[in-house]
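Visitor: One structure, as structure tokens, below. Some questions next.
Each value in this text was obtained by applying a stated rule to the coordinates, not by laboratory testing. In this text the structure is predicted, and so the values were computed from the model without any measurement. Quick reminder, even Gly has a Cβ in these numbers, built from the backbone with ideal geometry, and neighbours come from all protein chains shown.
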Protein chains: 2
Amino acid sequence: MMDGVLLQTRNALLAGLPCVDYARLSPHLERVALTRGQTIYECNVNQTYAYFPIDCVVSLLYVLRNGASDEIAMIGNEGMVGLALLMGGNHMPSRAVARGNGYALRIAAGRLRDAFQRAPALQAAVLRYFQAIVIQIAQTAVCNRHHTVGQQLSRWLLMSLDRLSSNELSMTHEQISAMLGVRREGITEAAGKLQRARAIQYSRGHIEVIDRCQLEQLACECYEVISRECTRLLQPAIPASRVGTMEAVRPCRQSGR
Amino acid sequence: MMDGVLLQTRNALLAGLPCVDYARLSPHLERVALTRGQTIYECNVNQTYAYFPIDCVVSLLYVLRNGASDEIAMIGNEGMVGLALLMGGNHMPSRAVARGNGYALRIAAGRLRDAFQRAPALQAAVLRYFQAIVIQIAQTAVCNRHHTVGQQLSRWLLMSLDRLSSNELSMTHEQISAMLGVRREGITEAAGKLQRARAIQYSRGHIEVIDRCQLEQLACECYEVISRECTRLLQPAIPASRVGTMEAVRPCRQSGR
DNA sequence: CCGCTTCCGTTCGCCAGCGCACATATGCCG
DNA sequence: CGGCATATGTGCGCTGGCGAACGGAAGCGG
């Protein structure tokens, strides 16, 4: 429990809270290990805990009747998993899955609801984050409709990178295809192009991004929008005294609109 | 202003509030006319008023750089327009457009924020509604990826019907195509099939649904999910004393999951 | 070192939807 | 009633992505 304090500041949402609010939550936060592929929430099942990822990414996945799936949002240490629990719906028609091994801080639903009511800064931060998620989902919808697999893959890689501390990720083409809701072959082809363009490099479930800027060129405008809105909505909530705890979250891009 | 009370109860979100909270808002609500095609919020511009539709539908539209567009959510008298204003982001990268002539109640941003903080029931209702919107957007994303234009058109018609008091709507194929993010010809073809199947009937910008059940058969599972979650999330907030004011909102379907 | 599983590469036929072009048809307005 | 803008119908070639099938290749465990 001693390392709890250190760990909590690694989640940007928590790190951005004023000390007083943070202190209110702190005793109820519990560090838990998440394992690759672990289902955190099942579809339409009440969410009993909320999770604040520290060093792993969680995907919100829609699964259709015919087995097809589609990632609608990804959550890293910039946010939290379990919004339905604060919104009052208690559950969602989507599944939450950990995309890698790592840790998260979890808190019981009731405790969090309580804090949400009493701590205005927490409420504000969560609501702003929630808006960021909405924008992410909406942009995904648009992207699904209008952009090619190659563009979507680029966007997805960039978004993943923003939520990881390294520029390497462990996912097979098969797994990525389930996220983007396309065929495995489609990913193989698109990834092949990116590799030939020396933007990425991969082998048997390990992908490394070696030219991030090129990836940004190849991605559609969706990435830029999501990225911009995400920083806009998360930044202001973080007091100056706490900056420096979330380097990994900040994307490297610098372009205007 | 005398008819204000009557009108307010025609918006389900307001109708569901306890009298005390409703009374707090009431003096600040102002009836405004919305005209077909009117832009209520422009992209990335601060939202200064929130709107509670009474007898018209508002679309949230994403517009891409190349001019393509895509409806990500539709809002009728079951909800409100202007969530970004309560979420703290103040604006969204999408546009809000009125889809027909009608009325809405509007309230200044500050007043609503104030009430949101002081009236727990309002807060709860809005948050639950917000979750319903999220689900709608997410399902749209999935639908965009996996389903045919015909299925999507059926879903879209059903969703529109649920938000109108009649089973007739004024939209050209061209306009619908902008909503679904497809070609006009695609809509013409899909609508033609629906008409030949005697599910709908249309002519020059007027579409009438004549066999709703068939439409439900032809739509993808997305409609069912959105519809179910929408009623789940809106229903419980409405005290028994107020029921009967929102017949038009309730869809006619009866199937289980 | 061998065999097996998993992952990636590639091909082929197919089709939904695109973009374009143009042919009607219908209501509206003068 | 006649012209005109708008709405709808239809055809054509094209392409991105699908589904299925199969071959090679890299790791892993025995």
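Visitor: Need the C-alpha centroid separation for region A:144-200 versus region A:40-59, integer Å.
Guide: With region A:144-200 and region A:40-59 each reduced to a Cα centre, they are spaced 23 Å.
Visitor: Which of the trypsin sites (Lys or Arg not before Pro) found in region A:29-92 are in a DSSP loop and have at most 14 neighbouring Cβ atoms, other than their own, within 10 Å?
Guide: In loop regions of region A:29-92 (DSSP not H, G, I, E or B), the sparsely surrounded trypsin sites (Lys or Arg not before Pro) are A:36, A:65.
Visitor: Let me ask something else about it. Measuring label to label, 7 Å along Cα→Cβ, what does residue B:28 give against each other copy in nm, shortest first?
Guide: Nearest first, the other copies' label points are 2.8 nm away.
Visitor: Related question: If you put a point 7 Å past Cα along the Cβ direction, how far is that point for residue A:217 from the same point in each other copy, in nm, smallest first?
Guide: 5.4
Visitor: Let me ask something else. Quick one: angle between helix B:184-196 and the longest Cα principal axis of chain B, in degrees between 0 and 90, rounded to 10, please.
Guide: That helix lies at roughly 80 degrees to the long axis.
Visitor: Let me ask something else about it. As I understand it, the value is the acute angle between the Cα axis of helix A:149-162 and the longest principal axis of the Cα atoms of chain A; what does it come to in degrees, rounded to 10?
Guide: 30 degrees
Visitor: Using only the alpha carbons, work out the radius of gyration and Dmax of chain B in angstrom.
Guide: Gyration radius and largest Cα-Cα distance of chain B: 17.8, 54 Å.
Visitor: Taking residue B:46 in one copy and the same position in all the others, each labelled 7 Å out along Cα→Cβ, what are the pairwise distances from the first, in nm, shortest first?
Guide: 4.2
Visitor: Another question, then. Just to confirm a number: summing +1 for Lys and Arg and -1 for Asp and Glu over residues other than residue B:119 whose beta-carbon lies under 13 angstrom from that of residue B:119, what do you get?
Guide: Values: positive: B:24, B:111, B:113, B:118; negative: B:21, B:114.
It works out to a net charge of +2.
Visitor: Which whole-number percent is the relative contact order of region B:25-155 (Cα, under 8 Å, 6+ apart)?
Guide: After rounding, I find 33 percent.
Visitor: Using a 10 angstrom cutoff on alpha carbons, build the Gaussian network for chain A and name the most mobile of A:97, A:20, A:32.
Guide: Residue with maximal mean-square fluctuation among A:97, A:20, A:32: A:20.
Visitor: Would you mind ranking A:94, B:203 by Cβ crowding within 10 Å, fewest neighbours first?
Guide: Working: A:94 27, B:203 8.
Ascending number of Cβ neighbours within 10 Å: B:203, A:94.
Visitor: For a quick check: with amide H placed at 1.01 Å from N, whose amide H comes under 5 Å from residue B:34's, ignoring anything fewer than 5 positions away on the same chain?
Guide: B:102, B:103, B:104
Visitor: When only Cα pairs under 8 Å and 6 or more residues apart are kept, what is the percent relative contact order across chain B? Could you put the intermediate results ahead of the total?
Guide: On the way: 440 pairs, mean separation 58.8, N = 257.
Worked out over chain B, it gives 23 percent.
Visitor: Follow-up question, since we're still on this one. Run lengths n ≥ 4 of DSSP H only: what is the helix-derived mean residue ellipticity at 222 nm for the protein assembly as shown, with -39500 (n - 2.57) per run over all residues, to the nearest 500?
Guide: That calculation yields -13000 deg cm²/dmol at 222 nm.
Visitor: Then there is this: What does the convex hull of the Cα atoms of region B:173-232 come to per residue, in Å³, rounded to a whole number?
Guide: Spread over its residues, the Cα hull of region B:173-232 gives 98 Å³ apiece.
Visitor: While we're here: Could I get the Rg over Rh figure for region A:116-186? Both from C-alpha atoms, Rh via Kirkwood, rounded to two places.
Guide: 1.10
Visitor: Would region A:50-100 count as rounded, prolate or oblate if I go by the C-alpha gyration tensor, calling it rounded below 1.5 in a/c and otherwise prolate when a/b exceeds b/c, oblate otherwise? Numbers along the way, then the final one.
Guide: On the way: a/c = 2.89, a/b = 1.24, b/c = 2.34.
Oblate shape, in that a/c is at least 1.5 and b/c is the bigger or equal ratio.
Visitor: Can I ask one more? Please report the orientation-averaged projected area of region A:7-88, defined via the convex hull of its C-alpha atoms, in nm².
Guide: Seen from a random direction, the Cα hull of region A:7-88 projects 6.1 nm² on average.
Visitor: Still on this model: Measure nothing fancy, just the Cα-based angle from helix A:120-146's long axis to the longest principal axis of chain A, in degrees from 0 to 90, nearest 10.
Guide: 20 degrees
Visitor: Would you mind telling me which residue in B:190, B:68, B:121 has the biggest mean-square fluctuation in a Gaussian network model of chain B, where springs connect alpha carbons within a distance under 10 angstrom?
Guide: Maximum among the listed residues: B:68.
Visitor: Under the √(5λ) rule applied to the eigenvalues of the Cα gyration tensor, what semi-axes describe the equivalent ellipsoid of region A:78-218? Give them in Å, descending.
Guide: 33, 16, 14
Visitor: What is the Cα coordinate range of region B:34-131 on the first, second and third principal axes, sorted by size from largest, in whole angstrom?
Guide: Principal-axis extents of region B:34-131 (Cα, largest first): 43, 27, 22 Å.
Visitor: Still on this structure: Tell me, what HN-Hα J-couplings in whole Hz come from the Karplus equation 6.51 cos²θ - 1.76 cosθ + 1.60 at θ = phi - 60° for each residue of region B:216-225, using x for Gly and Pro?
Guide: My calculation for region B:216-225 gives 5, 5, 7, 6, 7, 4, 4, 4, 4, 4 Hz in order.
Visitor: Then there's this: Send over the semi-axes of the protein assembly as shown's equivalent ellipsoid, whole angstrom and largest first, taken as the square roots of 5 times the C-alpha gyration tensor eigenvalues.
Guide: Ellipsoid semi-axes (Å, largest first): 36, 30, 20.
Visitor: So what are the ³J(HN,Hα) numbers for region A:104-111, from phi and the Karplus equation (6.51, -1.76, 1.60; θ = phi - 60°), rounded to whole Hz, Gly and Pro as x?
Guide: 9, 9, 10, 9, 5, 3, x, 4
Visitor: Continuing with this model, one more query. Residue A:235 to residue B:45: FRET efficiency via 1/(1 + (r/R0)^6), r the Cβ-Cβ distance, R0 22 Å, to the nearest 0.05?
Guide: Efficiency, rounded to the nearest 0.05: 0.65.
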